[in-house]
């Protein structure tokens with residue numbers, strides 16, 4: 001057997017490990033930074049909550065605009081398109097305003113209501129008059145008048161105020 005003797009002059013035996021620095025914490029050291037992070041988190045949560053609330057409150061607008069796009073894309077008769085636009089306006093108004101306020105309105109009162117909830121007098125004095133008088137006229141309105149009405153309806157759905 002071989003003689004195993006410890007080597008007396010081993011240069012590595014006397015080395016000491018290098019001390020490692022502390023682990024870096026992801027949490028800030030000062031209270032001011034911790035408070036700033038807390039305030040930022042609260043602000044983010046509040047902004048997300050406000051966005052979701054706004055999105056839910058305007059769901060009826062998105063649905064009405066999708067219905068308007070579907071109705072105005074089809075190649076329907078002018079009288080039928082006018083009836084669908086009138087029905088869409090009623091349903092949209094009933095979705096957001098109290099039923100007691102909207103349901104009994106007809107004719108000039110209906111157009112005045114639409115003017116009050118929008119910016120201007122396009123319904124009682126402009127292309128919107130077709131909503132009240134169009135279904136009862138002998139000759140159906142032209143395509144240009146209907147396109148202008150579709151634009152006006154789209155503008156009302158997007159921008160009416162409650």
Cα centroids of region 126-162 and region 24-47: how far apart, whole angstrom?
-> 53
By how many nm would the segment from residue 119 to residue 95 grow when fully extended, if each residue of separation counts as 0.36 nm and the alpha-carbon distance is taken off?
-> 6.7 nm
Starting from the Cα-Cα distance between residue 162 and residue 87, subtract it from 0.36 nm times their residue separation and give me the gain in nm to one decimal.
-> 25.1 nm
Estimated FRET transfer efficiency when R0 is 41 angstrom, pair residue 73-residue 39 (beta carbons, to 0.05) = 0.25
Taking the chain as the reference, fit the longest principal axis to its C-alpha atoms, fit the long axis of helix 59-73 to the helix C-alpha atoms, and give the angle between the two in degrees, 0 to 90, nearest 10.
-> 60
Taking 108-115, 75-82 and ranking on average Cβ neighbours within 10 Å, highest first, one gets 108-115, 75-82
For the chain, what does -39500 (n - 2.57) per DSSP helix run (n ≥ 4), summed and divided by total residues, give at 222 nm, in deg cm²/dmol to the nearest 500?
-> -19500 deg cm²/dmol
Tilt, helix 107-117 to longest principal axis of the chain (alpha-carbon atoms), in degrees rounded to tens, equals 30
With label points set 7 Å from each Cα along the Cα-to-Cβ direction at residue 155 and residue 103, the distance between them in nm comes to 3.1
Using just the C-alpha positions of the chain as equal point scatterers, what log10 of I(q)/I(0) does the Debye formula give at each q in 0.12, 0.16, 0.18 1/Å?
-> -0.68, -0.95, -1.11
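Throughout, read-outs are computed from the coordinates displayed, never taken from laboratory work. What you see is a predicted model, and the numbers here were worked out from it, not measured in a lab. Cβ: placed from backbone, ideal geometry, glycine included. Neighbour counts: every protein chain shown.
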